[in-house]
Structures are given as structure tokens and as C-alpha cells.
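Before any comments, here is the structure.
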Amino acid sequence: QVQLVESGGGLVQAGGSLRLSCVGSGIIFSIRDMGWYRQAPGKQREYVATIFRGGRTSYVDSVKGRFTASRDNAQNTVFLQMNSLKPEDTAVYYCKALGGFRDYWGKGTLVTVSP
């Protein structure tokens with residue numbers, strides 16, 4: 001079965017950094033475009049970043065210059081390096097796999113940025 005497992009969330013002070021990981025299983029990872037999304041309490045889930053199968057990336061304006069998506073296809077893993085974190089970045093971060101018969105979501109990892 002397809003499974004995506006995020007990790008790396010935690011509590012960090014504003015200005016700090018975290019590196020999120022998403023490990024996939026049950027998919028041919030190298031041909032999948034991968035996305036990162038986040039959802040703050042009481043708000044809708046929003047798009048954060050995409051890393052396409054060829055390595056090209058895209059980001060929402062609010063994280064450009066601070067977040068970097070990358071991938072290691074040999075390890076079936078996508079990363080989100082988050083620098084210069086702000087309290088507004090506090091959310092549950094979700095990994096998404098696209099490009100197959102259906103999209104798949106992970107369960108999320110919580111990132112909390114204190115003032």
C-alpha cells in the first residue's frame with residue numbers, strides 16, 4: 001500500500017530552522033511530483049511548495065527565499081528545509097504525491113514557531 005510519512009516537525013523559536021522529511025513507500029517515487037502543504041488551526045490547507053520529478057521547484061510567495069524543497073529518489077524521500085522561520089509558519093505540514101491514478105497524502109508533522 002502507498003504510504004507517506006512526514007517527520008522533522010517540532011518547536012522552534014522565530015528565526016530558527018527545521019528540516020522536514022517525507023518518506024514514501026508503495027510508489028515509484030522517481031516519477032512522482034511531490035508537494036508540501038500546511039494547515040494552521042482554523043484555517044484551510046494551503047499550498048507551500050512543489051518539487052517536480054525532474055527536480056524543478058515552485059513555492060508560494062510567503063516562503064520564497066526561506067524554504068527549499070529537495071528530493072532523494074534513491075531513498076524515496078522529499079525534504080523541506082525551512083529557514084528563518086516565523087510564527088506565521090506554525091502549522092501541520094503535509095506531504096503529497098501526485099501523478100498516479102490518485103494523489104496520496106501523509107498524516108502530517110506539526111511545526112510550531114514561537115515568538
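How long is the gain from ARG66 to ARG53 if the chain were fully straight, where each residue apart is worth 0.36 nm and the alpha carbon distance is subtracted? Before the final figure, lay out each step's value.
Details: separation 13, 0.36 × 13 = 4.68 nm, distance 2.16 nm.
Length difference between fully extended and current span is 2.5 nm.
Per residue, what accessible area does the chain have, given a 1.4 Å probe and all protein chains present, in Å²? Working shown, then result.
Numbers: 6150 Å² over 115 residues.
Per-residue value: 53 Å².
Could you name the aspartates and glutamates whose alpha carbon sits less than 17 Å from that of LYS64, not counting residues in the same chain fewer than 8 places away?
GLU46, GLU88, ASP89
When the accessible area of the chain is split by element with a 1.4 Å probe, what percent falls to carbon and sulfur? Intermediate results must be reported in sequence, preceding the final value.
Numbers: 3060 of 6150 Å².
Carbon plus sulfur share of accessible area: 50 percent.
In whole angstrom, how long is each semi-axis of the equivalent ellipsoid of the chain, when you take the square root of 5 times every eigenvalue of its Cα gyration tensor and sort them from largest down? Walk me through the numbers before you get to the answer.
On the way: eigenvalues 107, 39, 31 Å².
Equivalent ellipsoid of the chain: 23, 14, 12 Å, largest first.
How large is ³J(HN,Hα) for each residue in the stretch 80-93, as worked out from phi by the Karplus curve 6.51 cos²θ - 1.76 cosθ + 1.60 (θ = phi - 60°), to whole Hz, x for Gly and Pro?
Once θ is set to phi - 60°, the couplings for the stretch 80-93 become 9, 7, 10, 10, 6, 5, 10, x, 5, 7, 4, 4, 8, 9 Hz.
Which of the aspartates and glutamates could be linked to LYS86 by a straight reach, that is with a Cα gap under 15 Å, when you skip same-chain ones fewer than 8 residues away?
ASP61
Per residue of the stretch 109-115, in order, report the coupling 6.51 cos²θ - 1.76 cosθ + 1.60 (Karplus, θ = phi - 60°) as ³J(HN,Hα) in whole Hz, putting x for Gly and Pro.
Each residue's phi maps through the Karplus curve to give 9, 8, 10, 10, 10, 8, x Hz.
The values are calculated or read from the model by the stated rules, or taken from the named source; none is laboratory data. As the structure is a computational prediction, the values presented were derived from the model and not from experiment. For the accessible areas, the whole protein counts, side chains as well, though only heavy atoms, and no ligand, DNA or RNA atoms are used. Shrake-Rupley method; radii C 1.70, N 1.55, O 1.52, S 1.80 Å.
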